[in-house]
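Single-structure report; data block below.
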There are 2 protein chains.
Amino acid sequence: MGVNDRFLRACRREPVDATPVWFMRQAGRYMPEYRAIRARHTLLDICRQPELATQVTLQPVDRIDVDAAILFSDLLLLLAPMGIPFDFVKGEGPVIERPVRTADDVDHLRQFEPRDELSHVLETIRLVRKELEGRVPLIGFAGAPFTLASYAIEGGPSSHYAKTKALMYGEPKVWHKLCDMFATIVGDYLVAQVEAGVQAVQIFDSWVGALSPDDYREFALPHTSRILEAAKATGVPVIHFGTGTATLLETMATAGGDVIGADWRIPLDDAWQLIGHDRAIQGNLDPTLLLGPLDRMMDGAGDILRRAAGRPGHIFNLGHGILPETPVENVQALARFVHGQR
Amino acid sequence: MGVNDRFLRACRREPVDATPVWFMRQAGRYMPEYRAIRARHTLLDICRQPELATQVTLQPVDRIDVDAAILFSDLLLLLAPMGIPFDFVKGEGPVIERPVRTADDVDHLRQFEPRDELSHVLETIRLVRKELEGRVPLIGFAGAPFTLASYAIEGGPSSHYAKTKALMYGEPKVWHKLCDMFATIVGDYLVAQVEAGVQAVQIFDSWVGALSPDDYREFALPHTSRILEAAKATGVPVIHFGTGTATLLETMATAGGDVIGADWRIPLDDAWQLIGHDRAIQGNLDPTLLLGPLDRMMDGAGDILRRAAGRPGHIFNLGHGILPETPVENVQALARFVHGQR
């Protein structure tokens, strides 16, 4: 099988033979082969055992015509070695035992060396690269400080981010210290991932859309910028992603990233205009369209491709992760559809 | 005490002596006097007993220098008489016993006459008006079809609206039938509220920001427009509110409403530009700013007032409801601050 470099070419805004496509959470609960492994192992087991994580990373590459693999892992893995233990609880998502709420809590966190304490992730990367045999590139990833801090402070998922913002507004020094630690660790972690073999990285600032543009500039941007600089220095393409970011995209683009990810709340052409045509763009189908009738899903995908208008630098993806109840055949049909439109 | 008509004047974009202010959820859990009543009565008891609902509606008028009262009630009250029973469960919010999921479920719903089956709400309005003695105007409200449908279909609050959108995309006729029922009932309900004495109405489409602009136009707008028309015909000012609506505001404004509500994700001046200066605007402080230090809250409020730039037609409010953990004195200080800035 030949080498598929559509994804990497699109990241660099080079012409491609077809729009590259991959999906956030392309390895996950919607796949029966993933559920079979999950029946015998916890999510953290899979993340921490390189053989299992490798197997799961490769599942969508074998089943769906994607142009990139993404490391199977979790944004929160780095919390435990920092001194913030957590677990995944069925029906609730991540639960942090002792959320970070005070200056003292932050003072007791520890910096650590991802090459040592997340070495299992780096081992997964080496194994995946070997198994992929160059079929498609491998994407690594990590969370951005705002999103990581929101989990650490709230103790799990949140709807209002009240505790997160209360710390941000009330104890800005504590906030910046916490985010600075995240930035250092995430920067090191991404560099280590690239050294281990990932060929692009995505920075997930999934929940940053909860911030006003001014708060984004003050509380999130400086830390995310440090990570983007560290990632840029590795030389691999960097994707900068968030949801609900219609009013943040311009600023996110100035912070950096070769590719900016956008969600369905903003039409792709409007988003591209905001971030500038000197950047590539990734997105932006509503994941719920994959639950419904195929014709409507194709219409949605077709609309996005029309808005991309054949301009080099579009990577097709959803605006957020594939939902667990998504039929595999719809994901397969969507990848085929996107590839067939040029 | 004189009549305070700042709020109504601002709705009509007439000059005012100070920017009018009221707060979504200004009656609620952050107030000790509300918690005292809740200790003895359920939320639904309070909504359904005019004496209690009146008492709660008036609490913030007595304690905080607001320029309008808003009826204490709940968006979901109309579900029960339609045949969708629900309850509020501690820590979970509303729980709908049998969510609406199929064409058959929708066929079994019933239209009803709000004047009969929600007569307790109308009685509350009459009582509140009497008690207010014209001190400040009274705002009535109801939910918009997308937001109501999302509760009815998901069975409670949701993060992805997966079941809602799956029905919308998969069974558009069923979706439109359901929303059409909501539009008829809500239209009648708002007219009945005005007849009973409310002097303005707000339409809450709180969760509509989950939709793309195209989906908003197809699935939400036609139904909300019918409600806005019915409300407009009453002659009282109509406020049209949602969150996460940066990319929907233009369309929301074309749908109608004398005042468009915006949240903190978009700067107030940008939002006003989008909706047009021929409309009034309501908003848009991040409610979490009321949890933190006063100086930062004032800075945020000051920034909003600077962006409003003294243009007639700004009603100060938060971008969403007051959070339960908010100190009462911060709400008081914010109202005083807003009034003192002109």
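One table, with the values for the structure above:
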quantity	calculated
Distant-in-sequence amide H partners of residue B:206 (H built 1.01 Å from N, under 5 Å)	B:144
Å² of accessible area per residue within the protein assembly as shown, as computed with a 1.4 Å probe and no ligands counted	37 Å²
Among A:270, A:278, A:17: highest mean-square fluctuation, GNM of chain A, C-alpha pairs under 10 Å	A:17
Averaged over A:279-289, number of beta-carbon atoms from partner chains that fall within 10 Å	3
Those residues of the stretch A:247-265 for which accessible area with every protein chain present is at least 10 Å² below the isolated value (1.4 Å probe)	A:247, A:264, A:265
Long-range HN-HN contacts of residue B:284 with modeled amide H, under 5 Å	B:317
Rounded to 5, the percent of DSSP beta bridges in the protein assembly as shown classed as antiparallel	15 percent
Neighbour net charge for residue B:62 - beta-carbon separation under 13 angstrom, K R +1, D E -1	-2
Pairwise centroid distance, computed over Cα atoms, of the stretch B:181-242 with the stretch A:214-278, Å	35 Å
Given charges at beta-carbon only (K, R positive; D, E negative), |dipole| of the protein assembly as shown in Debye	220 debye
Highest-fluctuation residue, A:213, A:293, A:15 considered, GNM on chain A with Cα pairs under 10 Å	A:293
Reference-scaled alpha-carbon Rg (2.2 N^0.38 Å with N residues) for the stretch A:217-342	1.10
Candidates B:266, B:315, B:70, ranked by Gaussian network fluctuation over chain B, Cα under 10 Å, top entry	B:266
Percent of beta bridges antiparallel (DSSP, the stretch A:6-340, rounded to nearest 5)	15 percent
Signed unit charges on C-beta, dipole axis of the protein assembly as shown, positive-most listed residue A:140, A:187, B:16	B:16
Violating pairs (Cα-Cα greater than 26 angstrom) within the set A:90/B:165; A:90/B:90; A:90/A:232	A:90/A:232
Three semi-axes of the equivalent ellipsoid, chain B, Cα gyration tensor, whole Å, largest first	30, 23, 19
Over the stretch A:6-340, relative contact order from alpha-carbon pairs under 8 Å, at least 6 apart, %	22 percent
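The values are calculated or read from the model by the stated rules, or taken from the named source; none is laboratory data. Worth saying up front: this structure is predicted, and the values here are computed from it rather than measured. Don't worry about glycine lacking a Cβ; one is built from the backbone with ideal geometry, like all the others, and counts go over all protein chains shown. These area figures cover heavy atoms from the full protein model, side chains too; ligands, DNA and RNA do not enter into them. Shrake-Rupley method; radii C 1.70, N 1.55, O 1.52, S 1.80 Å.
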